[in-house]
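Here the structure comes first, spelled out in structure tokens, and everything after it is commentary.
Every number in this text was worked out from the coordinates using simple rules, so none of it is lab data. As the structure is a computational prediction, the values presented were derived from the model and not from experiment. FYI the Cβ positions are ideal-geometry reconstructions off the backbone, even for glycines, and counts take in every protein chain you see.
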Amino acid sequence: MIHPQSHPAVFAVLLLGTLGLSACGKEQAAAPAGPGEAKTLSAKTMADSLYAVMASDRTVYTRLIVNRLQNEEKIIKASEHWKDEKALPLPAQMFRFGAEMVAEKNAPFSYSLQSLWPVNRQNAPKTEAEKTGLQYVVDNKGQNYYAEETLGEKKYFTAVYADMAVAPACVTCHNGHKDSPKTDFQLGDVMGGVVIRIPI
């Protein structure tokens, strides 16, 4: 059994899956369910709910683990070479590890952390929806981007949410990294985006 605290994103999608998911990305009002009936949620509601879990977990790890232990108490550092250096994984690495584990479970969605200024080039946007969405959340602080796209022969609901610099550790890491294309981030800046893709 999956415990909600050990795999919150997976638990969230399983919970949403039991309620049902509409086949379109448009918002629908959920009608009261009768006995034995499931409520229907839109792809947007599912994406927003998943993002709420992901963003909370990411912020908690960044502020309470990395920033506290590295920047405030100076006990252990975070490093992209965390295994060799016996350090903490970077918040972006933790996020990717979670996304990879969810993919292994064949969950009905995928997610990734991307940026217009990626330290790692594999995190650059590839589709038009990703590029447009990442620029949109930079230009429209506090707003999300939603689109439908067809990849291969499948249609997807794609949502992009701003990934913010929530702690000094985010800023110092990106500004000081030798591979960072942008070195003037400040606390609270949009550094990239979380892209959630749901087949519809």
Exercise. What pairs in Lys74/Lys141; Lys131/Lys154; Lys44/Lys155; Lys77/Lys178; Lys141/Lys178 have C-alpha atoms more than 21 Å from each other?
Worked result: Lys74/Lys141; Lys141/Lys178
For this session: Bin width 5 Å, alpha-carbon pairs only: give the P(r) of region 54-200 as whole percents, running from 0 to the bin holding the largest distance.
Result: 2, 10, 17, 22, 21, 14, 8, 5, 1, 0, 0
Problem set entry | Point-to-point label distance, Met101-Ile76, nm (Cα→Cβ direction, 7 Å offset) | 1.6
Exercise. Going through region 99-178, which GluC sites (Glu not before Pro) have at most 10 other Cβ atoms within 10 Å and a DSSP loop state?
Worked result: Glu153
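Would you work out if region 60-139 is rounded, prolate or oblate? Take a ≥ b ≥ c from the square roots of the eigenvalues of the alpha-carbon gyration tensor; rounded if a/c is under 1.5, else prolate when a/b is larger than b/c, oblate otherwise. Let's see the in-between values first.
Working: a/c = 2.24, a/b = 1.57, b/c = 1.42.
The shape class here is prolate.
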Problem set entry | Two-site label geometry, Asn175 and Lys86: point separation in nm, points 7 Å out along Cα→Cβ | 3.1
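As an exercise, identify the trypsin sites (Lys or Arg not before Pro) in region 78-130 lying in DSSP coil whose Cβ has no more than 14 other Cβ atoms within 10 Å. All intermediate terms of the calculation are to be shown ahead of the outcome.
Numbers: sites: Lys83, Lys86, Arg96, Lys105, Arg121, Lys126; in loops: Lys86, Lys105, Lys126.
Listed in order of number, the matching sites are Lys86, Lys105, Lys126.
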